[in-house]
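Take a look at the structure below.
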Amino acid sequence: MKTEILAKYAARPLPRYTSYPTAAQFTPEVGPDLYAWHLQALPEHQPVSLYVHIPFCDTLCWFCGCHTKVTQRYKPVSEYLERLKREIDLVAAQVGPRTVRHLHWGGGSPTILTPEDIIDLEQHLFRRFSRTEDSEFAVEIDPRRLGRETVLALAQAGVNRVSIGVQDIDPQVQQAVNRLQPLSDTVQAMHWLADSGITQVNIDLMYGLPHQTVDSVAATAQTIAGLNPSRLSVFGYAHVPWMKRHMRQIETASLPDTEERWRQAEAISAVLRSSGYVAVGLDHFARPDDPLAHAMLTGHMRRNFQGYTVDAAEALIGLGASAIGSLPRLYAQNATPIDRYSAAIDAGHFAAARGVLLSDDDLLRRAIIERLMCDLSVDVATVCHQFNAGPDRFLPAFDALRPLADDGIVHLDAWRVTVPREYRALLRLAAVAFDAHTVQTETPRHARAV
Ligand SMILES: C[S@@+](CC[C@H](N)C(=O)[O-])C[C@H]1O[C@@H](n2cnc3c(N)ncnc32)[C@H](O)[C@@H]1O
Ligand code: SF4
């Protein structure tokens with residue numbers, strides 16, 4: 001990418017569009033009662049997806065942007081699990097018996113649970129919900145201090161996909177972000193998983209971290225590709241110390257600048273593509289035989305709070321502190337502080353604390369933005385037709401895209417908008433043109449575009 005283009009666009013703060021409207025638009029108007037109403041309104045027998053949040057870790061990585069809390073004791077985890085089970089009961093009572101298409105445990109680090117608690121939570125869930133042969137059960141894994149018994153418990157619980165946090169294998173980088181993770185931990189985890197029949201593995205890598213260089217991230221990507229995960233997520237470090245105080249531990253002077261970040265992302269991409277992976281969406285890679293690659297080719301890929309997915313369920317129910325649910329007309333997020341979440345559940349009601357109702361206009365814009373984020377291309381008139389709307393309302397969006405088209409970042413062809421693959425890192429610049437809520441400012445509310 002040309003230096004001028006980077007200088008012009010890359011530092012702009014933009015949402016990641018894992019939802020539309022984005023979490024920045026959530027307000028306290030969505031509370032337990034409204035959430036309960038929308039849960040009850042789900043069409044009967046429609047399958048759902050579930051996201052379970054485990055907001056605990058053994059240690060804190062300085063780069064971490066997730067909702068998590070460090071604990072050395074297990075008591076807070078056990079107490080939290082009791083609330084989680086009660087929340088599952090509340091949801092089950094509201095939506096009735098349903099099939100779960102996708103179950104995702106994320107965090108924080110779900111592998112902080114004891115093997116007994118993994119089985120206990122899984123059994124609790126599947127006493128109230130059912131699953132089918134092809135249901136997906138995915139869990140995020142921190143390979144540090146992972147025990148073999150934990151992996152066996154995951155397999156016994158029916159987990160068939162995992163995501164392993166690696167980020168970078170260079171000891172100097174690991175030191176600077178407070179995440180010491182010898183490569184042997186990751187290799188051991190992969191072996192245990194394969195031995196217990198869990199072969200669908202995603203690995204998270206990051207660029208833009210302190211002391212990373214183009215050569216060092218390429219070396220990490222090469223080594224990790226050698227472990228042959230089925231997918232990789234490659235995240236640019238979002239440095240938001242005004243939101244996450246612990247990020248102040250990372251010296252700003254040690255962070256790569258915009259051009260260097262771009263070159264790092266490109267270097268990782270080149271290594272992964274030459275290792276046989278295909279680029280998927282904004283920041284993912286997949287083996288060509290992986291369902292995500294297939295979904296991308298057939299235009300069936302979806303985007304949700306966990307990133308890119310093949311999950312087509314209309315309702316994603318969030319469970320646990322800070323978890324976000326996506327219902328047909330509502331996004332609802334549970335209270336983030338664990339004590340506030342627990343107090344709500346103890347009082348016998350839902351913990352929804354903020355969210356947003358979706359208007360007809362939001363649904364249409366959401367569909368356009370989702371196709372762009374997944375396919376890097378969208379025919380606005382076709383999507384409008386599906387919603388019985390005329391495309392003319394998007395003329396201002398096309399006006400806003402024209403300068404990007406002049407710079408070659410988007411191609412405009414009648415009502416079709418396409419972002420060339422080489423500019424996929426700038427995809428969100430095209431998406432924001434269809435966003436009626438996000439006011440574009442230089443104030444850093446979101447992470448930067450690159
Ligand atoms: C919940 S963690 C994954 C599971 C486990 N806790 C671990 O770290 O191994 C989610 C992932 O988000 C990514 N991540 C966390 N903070 C980030 C940030 N500030 N910017 C970009 N990516 C971030 C990391 O790649 C991390 O693996
Ligand atoms: S990156 Fe993962 S392990 Fe590190 S603090 Fe965040 S959630 Fe915990």
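A few notes on this one:
- Using θ = phi - 60° and Karplus 6.51 cos²θ - 1.76 cosθ + 1.60, couplings along the range 290-296 (whole Hz; Gly, Pro as x): 6, x, 5, 5, 5, 4, 5
- Set of aspartates and glutamates near residue 2 by C-alpha distance (under 16 Å), chain-local residues within fewer than 8 positions excluded: 257, 259, 260, 266, 406, 407, 422
- Projecting the Cα atoms of 172, 253, 90 onto the charge dipole of the chain (Cβ charges, centred on the Cα centre) puts 253 farthest toward the positive pole.
- With the convex hull constructed from alpha-carbon coordinates only, the range 341-402 shows a mean projected area of 6.4 nm² over all directions.
- Contact order normalised by residue count of the chain, Cα under 8 Å, 6+ apart, percent: 22
- Expected-Rg normalisation [2.2 N^0.38 Å, Cα atoms] applied to the range 306-377: 1.30
- Mean residue ellipticity (222 nm) of the chain, computed from DSSP H runs ≥ 4 via -39,500 (n - 2.57), nearest 500: -11000 deg cm²/dmol
- Rg over Rh for the range 1-131 works out to 1.06, both radii taken from alpha-carbon positions and Rh defined as the Kirkwood radius.
- With the convex hull drawn around the C-alpha atoms of the range 295-347, the volume per residue stands at 73 Å³.
- Check: the range 105-249 dipole with +1 on Lys, Arg Cβ and -1 on Asp, Glu Cβ, in debye: 460
- Dimensions of the chain from C-alpha coordinates, computed as largest minus smallest value along each principal axis and given longest first, are 58, 52, 41 Å.
- Compared with the rule-of-thumb size 2.2 N^0.38 Å for a compact globular protein, the range 104-197 has a Cα radius of gyration ratio of 1.16.
- Working note: Karplus 6.51/-1.76/1.60 with θ = phi - 60° gives the range 386-401 the couplings 4, 9, 6, 10, x, x, 4, 4, 9, 4, x, 5, 5, 4, 5, 7 Hz, where Gly and Pro are set to x.
- With q set to 0.13, 0.16, 0.17 Å⁻¹, the log10 of I(q)/I(0) for the range 348-450, from the Debye formula over equal scatterers at the Cα positions, is -0.51, -0.73, -0.81.
- Alpha-carbon gyration tensor eigenvalues x 5, square-rooted, for the range 176-332, Å: 26, 23, 17
Here, each number is a calculation from the coordinates, and none is a lab measurement. Computed from a predicted structure; not experimentally measured. A quick note on method: Cβ atoms are made from the backbone with ideal geometry, for glycine too, and the neighbour counts reach across all protein chains shown.
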